[in-house]
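**Student:** Have a look at the structure that comes next, please.
The values are calculated or read from the model by the stated rules, or taken from the named source; none is laboratory data. This one's a predicted model, so the numbers in the text were calculated from it and none came from an experiment. For neighbour counting, all protein chains shown are included, and Cβ atoms are generated from backbone atoms with ideal geometry for every residue, glycine included.
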Amino acid sequence: MPRQRLYLYDTTLRDGAQTPGIDFSVEEKKIIARMLDELGIDYIEGGYPGANPTDSELFSADQGLRARFTAFGMTRRAGRSLDNDPGLRRLLEARADAICFVAKGWDYHVKVALNTTTDEHLASIRDSVEAARAHGFEPLVDIEHFFDGYKANPEYTTAAVRAAHEAGARWVVLCDTNGGTLPEEVEEIVSAMAGIVPGENLGIHCHDDTGMAVANSLAAVRAGARMIQGTLNGIGERCGNANLVTLIPTLALKPIYAERFELGLREGALERLTQVSRAFNEMLNRPPELQAPYVGETAFSTKAGIHASAILKNPDTYEHVRPEQVGNRRRVLVSDQAGKSNLISELKRFGMEVDKTDPRLDDLLARVKENEAMGFAYDTADASLELLARRTLGHVPVYFDVESYRVLVERRYNAMGEKVTMAEAIVKVRIGKEHFMSVAEGNGPVNALDAALRKDLGPYSQYIRGLELVDFKVRIVGKGTDATTRVLIESRDETGARWFTVGVSPNIIDASFQALNDSIIYKLLKAGAR
Ligand SMILES: [Zn+2]
């Protein structure tokens, strides 16, 4: 049987831009649009031309995308003619391939939000779709509050769907605007709609307020809808929108969908998905979501030592898809339960080949276990693990020796009579026969220590110029008098590489120092410093 075409519609730049704390610039929107286009998304909704300067600028020029670039906006305003509606005019002037109109699918909102009659709103839907077609755009209609509206007054909601379809909308999109609908209801109600509008003209737009946005989108597809709207990493207001990064591999790799449907994905898109998802988080300055389906750092990691050799022998029996299919990788975590096979596979990832019978391997395993018992967490801090491994099995140059450091924290009144807290760090370093001393201030003790440590490393300073701390996490491990502090630091450099280092000490500053020190040494090692 030939497969049916299923269309993907991305609304990251419009609905996703509603996410608290997110505010895209024109440049960012262009970069994201290109990322989506390279994946092979069919429609990219750019925003709301005329509503704000960013979107007006974005829609003032052709974006040169293969996808259909889509402008979003309101239908003709109640009581106005088409010519006398500046909002609609700006939409029709947009440099776009398609226009997605938002229409009210719940009679309550027609009356309360638009302050008009349902008949007038139905006329407005028809007029807007026809105007878009007359101007050469592909028209779509998002039926807002579709599911809740349908439950309250199915006659009106159905009339709105019919009006959009009969006026010639390419897609009538059923929106779960409040996000509270469940998969069973979606499947039932979309099936009813598919009796009125052919499935190849029906789209679904879900929000994740019950954690079901992906499941609801799939339910709509089963009921006949052939277009799915969603966002990158599921961003969006409240709990977010349907996550395209989860939907894409599900549709492309799971036989019940893959055998029936075809997506417009570009060659290699699936294998780039993990990278795209992480690059997008990076752009938003959000920490990576470790447990994200398919693309998370831990999506294919297993901790149990007893499983490790079995996983490596026959991964299919432990994984629902192969990590390489989505550009992710398998991780067999080194942990308390670690056996030699875990360790060997981790070392291989660092580019270190070690024979199973090498006695130094037992040394390393013993040190890993000993350190983990003290509170070190090597399953996350792989740069610290790599340093430990290289020191045990081979050689890591002693670039510098921190002879001493001192950190002062002072709270006092400044000249303006305001209470301020200042931190100052002094670090003494020996490199070969030379001694260096650096002093730096910071808004906190770790910040000051980091600044002082990196301020002057003599010949090594050139290698760490692009080094940056991205994240800093503190945990108390152990209980009572045995309590100690673990500091986990995430760093990155000018090449975009990221790594984690760890330090453990009863003293939080000392734990931070160890992690900072590891991070610098790791960077020097990777940069090939001598
Ligand atoms: Zn929405």
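**Student:** Could you list, in sequence order, all residues of the stretch 497-512 that are over 16 Å from residue 381 (Cα atoms), touching a Ser or Thr at 6+ places or on another chain (Cβ under 6 Å) and not aliphatic (A, V, I, L, M)? Full working, then the answer.
**Tutor:** Going through the stretch 497-512, the residues over 16 Å from residue 381 (Cα atoms) turn out to be 506-510.
If we keep only those that are touching a Ser or Thr at 6+ places or on another chain (Cβ under 6 Å) as well, we get 506, 508.
506, the sole residue that qualifies.
**Student:** Name every residue in the stretch 49-60 that is modelled with pLDDT of 95 or more and outside any helix (DSSP H, G or I), in order of residue number.
**Tutor:** If the condition is that a residue be modelled with pLDDT of 95 or more and outside any helix (DSSP H, G or I), then 49, 59, 60 are the ones that fit.
**Student:** Residue 194 passes all but one of (1) more than 22 Å from residue 128 (Cβ to Cβ); (2) in contact with a helix residue (DSSP H, G or I) (Cβ under 9 Å, 6 or more places away or on another chain); which number fails?
**Tutor:** Going through the list (1) more than 22 Å from residue 128 (Cβ to Cβ); (2) in contact with a helix residue (DSSP H, G or I) (Cβ under 9 Å, 6 or more places away or on another chain), residue 194 breaks only (2).
**Student:** Something else about it: Tally the residues that are of a type in the set (A, V, I, L, M) and either in contact with a His (Cβ under 9 Å, 6 or more places away or on another chain) or more than 16 Å from the ligand (Cβ to nearest atom) (or both), restricting the search to the stretch 1-24.
**Tutor:** Pass one, the stretch 1-24, residues of a type in the set (A, V, I, L, M): 1, 6, 8, 13, 17, 22.
Adding the requirement that they be either in contact with a His (Cβ under 9 Å, 6 or more places away or on another chain) or more than 16 Å from the ligand (Cβ to nearest atom) (or both) leaves 1, 6.
Final tally of qualifying residues: 2.
**Student:** I'd like to verify a number: residues in the stretch 27-53 that are under 18 Å from residue 285 (Cβ atoms) and not charged (D, E, K, R), how many?
**Tutor:** Summing the residues that are under 18 Å from residue 285 (Cβ atoms) and not charged (D, E, K, R) in the stretch 27-53 gives 3.
**Student:** Does residue 114 satisfy being more than 14 Å from the ligand (Cβ to nearest atom), in contact (Cβ under 8 Å) with a residue 12 or more places away in the chain and surrounded by fewer than 17 Cβ atoms within 10 Å (Cβ to Cβ)?
**Tutor:** Working: more than 14 Å from the ligand (Cβ to nearest atom): yes; in contact (Cβ under 8 Å) with a residue 12 or more places away in the chain: yes; surrounded by fewer than 17 Cβ atoms within 10 Å (Cβ to Cβ): no.
The answer is no for residue 114.
**Student:** So how many residues does the stretch 451-475 have that are over 25 Å from the mean Cα position of the chain (by Cα) and surrounded by fewer than 19 Cβ atoms within 10 Å (Cβ to Cβ)? Walk me through how you get there before you give the answer.
**Tutor:** First, the residues of the stretch 451-475 that are over 25 Å from the mean Cα position of the chain (by Cα): 451-465.
Cutting the leftovers down to surrounded by fewer than 19 Cβ atoms within 10 Å (Cβ to Cβ) gives us 451, 455-456, 458-459, 461-462, 465.
Result for the stretch 451-475: 8.
For (1) in contact (Cβ under 8 Å) with a residue 12 or more places away in the chain; (2) farther than 23 Å from residue 373 by Cβ; (3) among the small types (Gly, Ala, Ser); (4) outside any helix (DSSP H, G or I), each residue gets a yes or a no:
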residue: 486; (1), (2), (3), (4): yes, no, no, yes
residue: 495; (1), (2), (3), (4): yes, yes, no, yes
residue: 500; (1), (2), (3), (4): yes, no, no, yes
residue: 503; (1), (2), (3), (4): yes, no, yes, yes
residue: 511; (1), (2), (3), (4): yes, no, yes, no
residue: 514; (1), (2), (3), (4): yes, no, no, no
residue: 517; (1), (2), (3), (4): yes, no, no, no
residue: 523; (1), (2), (3), (4): yes, yes, no, no
residue: 528; (1), (2), (3), (4): no, yes, yes, yes
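**Student:** Oh, and also: Please enumerate the residues belonging to the stretch 137-165 that are buried (at least 22 other Cβ atoms within 10 Å of the Cβ) and among the polar types (S, T, N, Q).
**Tutor:** Scanning the stretch 137-165 gives a single hit, 157.
**Student:** Next up: Conditions: (1) more than 16 Å from the ligand (Cβ to nearest atom); (2) under 18 Å from residue 214 (Cα atoms); (3) in contact (Cβ under 8 Å) with a residue 60 or more places away in the chain; (4) not aliphatic (A, V, I, L, M). Residue 170 meets all but one. Number of the miss?
**Tutor:** Evaluating residue 170 over (1) more than 16 Å from the ligand (Cβ to nearest atom); (2) under 18 Å from residue 214 (Cα atoms); (3) in contact (Cβ under 8 Å) with a residue 60 or more places away in the chain; (4) not aliphatic (A, V, I, L, M) leaves (2) as the failure.
**Student:** Of the residues 396, 368, 427, which single one is surrounded by 12 or more Cβ atoms within 10 Å (Cβ to Cβ), touching a strand residue (DSSP E or B) at 6+ places or on another chain (Cβ under 8 Å) and touching a residue at least 24 places away in the same chain (Cβ under 8 Å)?
**Tutor:** Details: 396 fails: touching a strand residue (DSSP E or B) at 6+ places or on another chain (Cβ under 8 Å); 368 fails: touching a strand residue (DSSP E or B) at 6+ places or on another chain (Cβ under 8 Å).
It is 427.
**Student:** Pairs, please: C-beta under 8 Å, at least 6 apart or cross-chain, first residue over 24 Å from residue 238 (Cβ atoms) and in the stretch 185-206, second within 16 Å of the ligand (Cβ to nearest atom) and among the hydroxyl-bearing types (Ser, Thr, Tyr)?
**Tutor:** none
**Student:** How do the pairs read when you match residues in the stretch 4-15 that are farther than 15 Å from residue 284 by Cα with residues anywhere that are aromatic (Phe, Trp, Tyr) and away from the ligand (no atom under 16 Å from the Cβ), using Cβ under 6 Å and keeping only pairs 6 or more apart or on different chains?
**Tutor:** Note: pairs meeting the criteria are 4/261; 6/261.
**Student:** Looking only at the stretch 25-32, decide whether some residue is within 16 Å of the ligand (Cβ to nearest atom) and either of a type outside the set (Val, Ile, Thr) or within 19 Å of residue 139 (Cα to Cα) (or both). First the steps, then the outcome.
**Tutor:** Start the filter on the stretch 25-32 by keeping residues that are within 16 Å of the ligand (Cβ to nearest atom), which leaves none.
No, because not a single residue in the stretch 25-32 is within 16 Å of the ligand (Cβ to nearest atom) and either of a type outside the set (Val, Ile, Thr) or within 19 Å of residue 139 (Cα to Cα) (or both).
**Student:** Against the definition (more than 18 Å from residue 444 (Cα to Cα), buried (at least 21 other Cβ atoms within 10 Å of the Cβ) and among the β-branched types (Val, Ile, Thr)), how does residue 489 come out, yes or no?
**Tutor:** On the way: more than 18 Å from residue 444 (Cα to Cα): no; buried (at least 21 other Cβ atoms within 10 Å of the Cβ): yes; among the β-branched types (Val, Ile, Thr): yes.
Answer is no for this residue.
Here is a yes/no grid of residues against (1) in contact with an Asp or Glu (Cβ under 7 Å, 6 or more places away or on another chain); (2) of a type in the set (Gly, Ala, Ser); (3) over 17 Å from residue 502 (Cα atoms):
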| position | (1), (2), (3) |
| --- | --- |
| 340 | no, no, yes |
| 343 | no, no, yes |
| 365 | no, no, yes |
| 368 | no, no, no |
| 397 | no, no, yes |
| 409 | no, no, yes |
| 417 | no, yes, yes |
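**Student:** Also, I was wondering about something else. What is the number of the single condition among (1) in contact (Cβ under 8 Å) with a residue 24 or more places away in the chain; (2) part of a helix (DSSP H, G or I); (3) charged (D, E, K, R) that residue 266 does not meet?
**Tutor:** The failed condition is (2).
**Student:** Something else now. Given 123, 163, 159, 131, which one is small (Gly, Ala, Ser), in contact with a Pro (Cβ under 9 Å, 6 or more places away or on another chain) and assigned to a helix (DSSP H, G or I)? Can you show your working first?
**Tutor:** On the way: 123 fails: in contact with a Pro (Cβ under 9 Å, 6 or more places away or on another chain); 163 fails: in contact with a Pro (Cβ under 9 Å, 6 or more places away or on another chain); 159 fails: in contact with a Pro (Cβ under 9 Å, 6 or more places away or on another chain).
Criteria check complete, one pass: 131.
**Student:** Hey, another quick one. Which condition from (1) in a strand (DSSP E or B); (2) within 19 Å of residue 508 (Cα to Cα); (3) in contact with a helix residue (DSSP H, G or I) (Cβ under 8 Å, 6 or more places away or on another chain) is the one that residue 421 breaks?
**Tutor:** (3)
**Student:** In the stretch 9-36, which residues are assigned to a helix (DSSP H, G or I), of a type outside the set (S, T, N, Q) and within 17 Å of the chain's Cα centre (by Cα)? Outline the logic, then answer.
**Tutor:** Just the residues of the stretch 9-36 that are assigned to a helix (DSSP H, G or I), to begin with: 16-18, 26-36.
Now restrict to residues that are of a type outside the set (S, T, N, Q): 16-17, 26-36.
Scanning the stretch 9-36 gives 16, 17, 28, 29, 31, 32, 33, 34, 35, 36.
**Student:** Give the stretch 390-418 a look and list any residue that's farther than 16 Å from residue 517 by Cβ and either in a strand (DSSP E or B) or modelled with pLDDT of 95 or more (or both), or say none. Break it down stepwise before answering.
**Tutor:** Kept after step one, since they are farther than 16 Å from residue 517 by Cβ, are these residues of the stretch 390-418: 392-395, 408-418.
Answer for the stretch 390-418, where residues must be farther than 16 Å from residue 517 by Cβ and either in a strand (DSSP E or B) or modelled with pLDDT of 95 or more (or both): 408, 409, 410, 411, 412, 413.
**Student:** While we're looking at this one, here's another question. Residues to consider are 70, 54; find the one that is among the β-branched types (Val, Ile, Thr), away from the ligand (no atom under 16 Å from the Cβ) and within 27 Å of residue 114 (Cβ to Cβ).
**Tutor:** On the way: 70 fails: away from the ligand (no atom under 16 Å from the Cβ).
When all the criteria are applied, what remains is 54.
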